[in-house]
Amino acid sequence: MAKLPTRDEVLKFVAEQDGKVAKRDIAKAFNIKGEDRIPLKRMLRELAAEGLLDGSRKGGLRGAGELPNVCVVQIIGRNKYGYLQARARLEGGLLDGEDDPMIEIDDSAPKSKRHRPSPPVSPGDVALVRLFKKSKYKYTARVIRKLGGEEGTLFGVVRERPDGLWLVPADRRERYDYKLEDDTKAEHGDLLACEKIAARRMGAKRARMVDNIGKASDPHAFSLLAIAEQGIRVVFPDAVVAESEAVKQASPKGREDLTHIPFLTIDPPDARDHDDAVYAEPDSDPSNPNGHIVWVAIADVAAYVTPNSEMDAEARKRGNSVYMPDRVVPMLPERLSTDLCSLREKETRPCLAVRMVIGEDGKKRAHEFFRGLMRSAAKLSYAQAQKAFDGDVEEAFAAMDDKVLQPLWRAYQAMAVARDAREPLRINRPERRVEMDDKGKISRIYFPPALEAHKLIEEMMVSANVCAAETLEKHKRRLMYRVHDTPPDERVKSLADFLRPMGVKVNLGQTLLPHLFNSLMAQAQDSPHAPSVSEAVLRTQAQAVYATDNLGHFGLNLGRYAHFTSPIRRYADLTVHRALIAALGFGKDGQTPEEADQLDAIAEAISISERKAMVAERSANERYMSAHMATQIGDAFSARISGVSRAGLFVALMDTGAEGLIPISRLGEERFFADDSNMFMTGGTTGLTFRIGQTVEVELVEATPIQGGLLFALLEGGTQEDIPKHKRGSGRGSRGSGPYRKSGASKNSKKPTRSSRRRSR
């Protein structure tokens with residue numbers, strides 16, 4: 001009979017193994033064979049009964065307190081380097097305590113073609129993962145399957161109350177405050193990321209702190225909160241920073257010398273990174289009379305960010321740069337984004353450039369790509385460029401007016417003719433700009449004028465992107481398209497129902513083309529409904545995404561389109577650059593077979609990153625706007641009705657575009673009914689009616705910056721309409737309340753003074 005190992009020897013052996021251990025492995029390790037296994041099995045059963053071993057007969061054994069190879073985790077947030085962290089969820093619930101194993105999610109690309117990329121997850125998601133033990137309390141995990149996100153991370157601000165600390169949620173959809181645990185190390189006014197605790201049958205909802213984001217009083221708190229909510233990576237890992245600092249200027253070897261071309265960069269005045277530069281001149285080829293040569297040069301990021309590097313892995317995870325009112329969260333380290341890659345004025349930079357031959361009709365006749373060196377001759381803002389195009393050139397750019405600026409303008413005018421003939425989707429939606437002062441507060445909110453200089457750069461970038469897609473298709477390279485699918489039929493039908501009461505007719509029988517939607521907006525161009533129609537058309541469109549299957553770009557009315565022109569801030573563009581380098585033999589730093597195989601997963605991941613960035617940018621803007629408006633409680637504003645619901649009227653202020661709600665209780669003293677299908681609300685007694693697009697006078701009564709919410713009361717507006725009672729809406733009515741005056745005032749009624757309104761409250 002072989003000598004049995006001691007209990008301590010067995011426990012030590014199991015603890016040293018990575019994951020579960022089969023009983024036969026234990027027997028083999030101690031040379032236990034045949035009938036000698038019976039007492040060994042008895043010992044193992046005793047150890048399991050005493051809680052010193054965990055496991056089952058089928059699944060093997062593991063040390064007590066260790067995690068199984070495969071388990072369910074909840075993503076609880078990110079560490080300071082942006083890596084996702086998780087906590088195991090076992091049968092007893094979410095593991096909690098100082099000795100909880102730390103689980104770091106490995107979301108890097110697989111090293112083998114045989115392994116599929118991990119599904120993307122975010123803070124708050126629940127996922128099935130495979131664990132890899134690094135130390136006693138540290139694991140890495142690969143996501144097998146995302147199981148859901150219903151138990152998402154909760155964000156909010158701490159409020160101290162007599163019975164302890166409470167979390168006021170930042171999400172307006174949360175109806176209740178949450179009681180924080182008694183030992184929470186936080187103070188009144190702190191911004192926290194929390195996880196919800198399983199609710200008791202009775203009593204307050206409870207939450208547990210995961211991370212302290214900062215102070216709500218911090219001028220940059222709203223950006224920090226939006227970033228945390230979306231799990232956006234902020235701090236670059238040390239390895240990425242070190243790699244970026246070690247990078248040297250790209251070699252000129254093998255590059256085309258384009259430094260003699262006086263390229264121009266045209267960007268916003270506060271831009272720090274310059275992706276693109278343009279130049280145009282008349283075509284001297286007699287076969288192209290009155291034609292143009294247009295050059296577009298793009299920063300050669302691929303020369304510095306190579307496949308499988310630390311910077312590449314981090315850029316892929318980020319997907320894109322994120323632009324907040326008070327900051328930029330870049331995709332690449334500053335060493336690259338604002339220095340080596342940026343097309344700075346009067347400095348030589350590596351680039352990928354495309355030379356396009358444009359006919360008199362504005363259509364592209366031919367194009368050719370180059371990998372070269374360029375030097376920006378001047379840096380202009382959009383306003384400076386527009387002044388020059390209009391004949392009011394500034395003294396600093398006078399020398400290049402005839403030879404650079406005007407040829408560029410004439411080339412654009414030709415290209416604009418071809419663009420108008422193509423007729424892309426034209427949604428007139430002014431873009432609001434929020435300017436911040438040095439203290440992190442809003443100094444100005446305005447709608448910048450729509451300049452032709454913007455359209456010039458836009459059209460030349462669109463043409464360059466089309467050239468990239470065409471070239472890669474010609475060389476049969478796998479590429480990442482920017483696709484925008486045709487609007488779904490059900491959305492178009494809903495749009496028709498929405499526009500019918502406004503007198504805008506939709507022909508549902510014709511082929512869906514951008515022209516259809518442009519004609520709808522043209523019908524409403526001179527009516528008060530114009531902004532509402534534009535907004536409704538925008539909401540009807542499908543979401544533009546990245547994909548390897550070409551669906552075309554509906555909005556631009558193009559058959560093929562690939563992002564090529566912004567590799568400093570978009571990872572998709574970097575993949576296209578690498579594909580062009582490989583296809584055209586521009587170097588050994590092009591697309592690898594491994595990257596080509598992973599493009600589907602990359603496209604899905606960066607499309608998700610893009611949506612998160614958009615949500616973060618919007619929520620930050622809403623919160624800054626609410627904080628700005630909080631100083632104007634009691635002030636009156638002109639607003640446009642942008643939506644109708646049973647809750648009340650949604651309005652947008654005319655001067656700033658700030659959006660908020662007039663609760664139905666603030667409309668007047670009668671009962672109001674909402675007609676959701678025809679988008680109007682009417683009073684059951686007087687017939688006072690509110691429709692989308694109408695202008696009303698409102699008073700700001702409440703601003704909640706953490707939620708980004710604004711509440712208004714109606715002062716004046718609405719029209720008297722003879723609507724039969726049976727057509728006054730099918731929804732439940734709600735009676736207005738309160739100290740606000742009845743809203744039935746006509747436009748000819750005397751508007752009360754601000755002081756009298758305050759006395760009425």
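Annotations for the structure displayed:
- Residues that are touching a residue at least 60 places away in the same chain (Cβ under 8 Å), hydroxyl-bearing (Ser, Thr, Tyr) and surrounded by fewer than 18 Cβ atoms within 10 Å (Cβ to Cβ) within region 654-692 comprise 665, 677, listed in sequence order.
- Given (1) farther than 23 Å from residue 419 by Cβ; (2) without any contact (Cβ under 8 Å) to a residue 60 or more places away in the chain, number of the condition residue 531 does not satisfy: (2)
- Tally, over region 480-535, of residues that are aromatic (Phe, Trp, Tyr) and over 23 Å from residue 552 (Cα atoms): 1
- Pairs with Cβ under 7 Å, 6+ apart, first in region 25-41 and assigned by TED's automatic domain parsing to the domain that holds residue 11 and more than 13 Å from residue 14 (Cβ to Cβ), second among the basic types (Lys, Arg) and assigned to a helix (DSSP H, G or I): 41/23
- For region 316-342, residues that are within 15 Å of the chain's Cα centre (by Cα) and not in a loop (DSSP other than H, G, I, E, B) total 8.
- Residue in region 480-490 that is more than 19 Å from residue 565 (Cβ to Cβ), at pLDDT below 90 and in a helix (DSSP H, G or I) present: yes
- Those residues of region 663-687 which are under 27 Å from residue 494 (Cα atoms) and not hydrophobic (A, V, I, L, M, F, W, C), in sequence order: 663, 675, 676, 677, 678, 682, 683, 684, 687
- Residue match in region 580-602 (condition: in contact with a Phe, Trp or Tyr (Cβ under 6 Å, 6 or more places away or on another chain) and either of a type in the set (Val, Ile, Thr) or not in a helix (DSSP H, G or I) (or both)): no
- Residue 614 being in a helix (DSSP H, G or I) and free of Cβ contacts under 8 Å to residues at least 12 places away in the same chain: yes
- Test result for residue 173, part of a loop (DSSP other than H, G, I, E, B), under 25 Å from the mean Cα position of the chain (by Cα) and under 18 Å from residue 300 (Cα atoms): no
- Any hit, region 239-251, residues being in contact with a Phe, Trp or Tyr (Cβ under 6 Å, 6 or more places away or on another chain) and under 24 Å from residue 463 (Cα atoms): no
- Taking the listed residues 371, 365, 375, the one that is of a type in the set (Lys, Arg), farther than 30 Å from residue 588 by Cβ, assigned to a strand (DSSP E or B) and more than 24 Å from the chain's Cα centre (by Cα) is 365, with no other qualifying.
- Taking the criterion of being modelled with pLDDT under 90 and small (Gly, Ala, Ser), the residues of region 628-678 that qualify are 642, 643, 645, 647, 657, 665, 668, 674, 677.
- Region 225-267 - residue that is among the acidic types (Asp, Glu) and under 17 Å from residue 297 (Cβ atoms) and, of those, nearest to the chain's Cα centre (by Cα): 267
- Residue check for residue 221: farther than 27 Å from residue 416 by Cα and surrounded by 18 or more Cβ atoms within 10 Å (Cβ to Cβ): yes
- Matching residues in region 421-465 - criterion: being assigned to a loop (DSSP other than H, G, I, E, B), among the aliphatic types (A, V, I, L, M) and either over 30 Å from residue 407 (Cβ atoms) or at pLDDT 90 or above (or both): 425, 427, 451
- Whichever residue in region 224-256 is of a type in the set (Asp, Glu) and over 30 Å from residue 622 (Cα atoms) and, among such residues, is surrounded by the most Cβ atoms within 10 Å (Cβ to Cβ): 243
The values are calculated or read from the model by the stated rules, or taken from the named source; none is laboratory data. For clarity, every value in this text was computed on a predicted model and none was experimentally measured. Methodologically, a virtual Cβ is constructed for each residue, glycine included, from the backbone with ideal geometry; neighbour enumeration extends over all protein chains shown.
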